Amino acid sequence: GIFTEGSAIRIENNDVRSNGFEGIHVLQHAEVIGNVIQKNLGSGIDLSDGSQGISVRDNVVTGNGHEGIDNDSQNVEIHDNVFTKNGRGVGPDVAGAGHGNGTVSSFVGNQFDTGGPTTKQRLEFDF
């Protein structure tokens, strides 16, 4: 997958698939834009603890083994993404649900398909 350590990084228009861990792992401020992130063993996008000001927009995040986004970061913007059939049976963990402790400053225009009428979806937000 893609693993970032610096700040002010732009991860854009990548096809990230079939990795043994997360698709994209962000440690500090970054923009994650227009990527296809699928079939990774871990979360599609992992936003690490202590990061701030991350923007996640216009991505397709599908079929990952864990959450669509595992968010431990603060003040994340999540806009216009498509989340489908991500793991753990609870749909996308977009904003600190599950074991993530992050917060979201805005959440707009996202689409979800958890895989069928019997699949539960859980969204939790800390604004």
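The numbers here are math on the coordinates, done by the rules we state, and not lab data. On a predicted model such as this, the values are computed, not experimentally measured, just so you know. Note that each Cβ is placed from the backbone with ideal geometry, even for glycine, and that neighbours are counted across all protein chains shown.
List of remarks:
- Label-point separation in nm, His29 to Asp58, each point 7 Å along Cα→Cβ: 2.1
- Cα gyration tensor shape of segment 19-83, rounded if a/c is under 1.5, else prolate or oblate by comparing a/b with b/c: oblate
- In this structure, the amide hydrogen of Gln74, modeled 1.01 Å from its nitrogen in the peptide plane, lies closer than 5 angstrom to those of Gly50, Ser51, Gln52, Gly53, Thr103, counting only residues at least 5 positions away or on a different chain.
- Residues in segment 46-79 that a label on Val36 would reach, taking backbone N under 16 Å of a point 7 Å out along Cα→Cβ: 58-64
- Think of segment 1-88 as having a plus end and a minus end, set by charges on the Cβ of Lys, Arg, Asp and Glu; of Gly63, Gln52, Ala30, Gly63 sits farthest toward the positive end of this dipole.
- FRET efficiency, Asn13 to Asp49 (Cβ-Cβ, R0 22 Å, nearest 0.05): 0.20
- ³J(HN,Hα) computed for each position of segment 22-36 - Karplus, 6.51 cos²θ - 1.76 cosθ + 1.60, integer Hz, glycine/proline x: 5, x, 10, 10, 10, 9, 9, 3, 7, 10, 10, 9, x, 9, 9
- Using θ = phi - 60° and Karplus 6.51 cos²θ - 1.76 cosθ + 1.60, couplings along segment 47-54 (whole Hz; Gly, Pro as x): 9, 6, 4, x, 6, 9, x, 8
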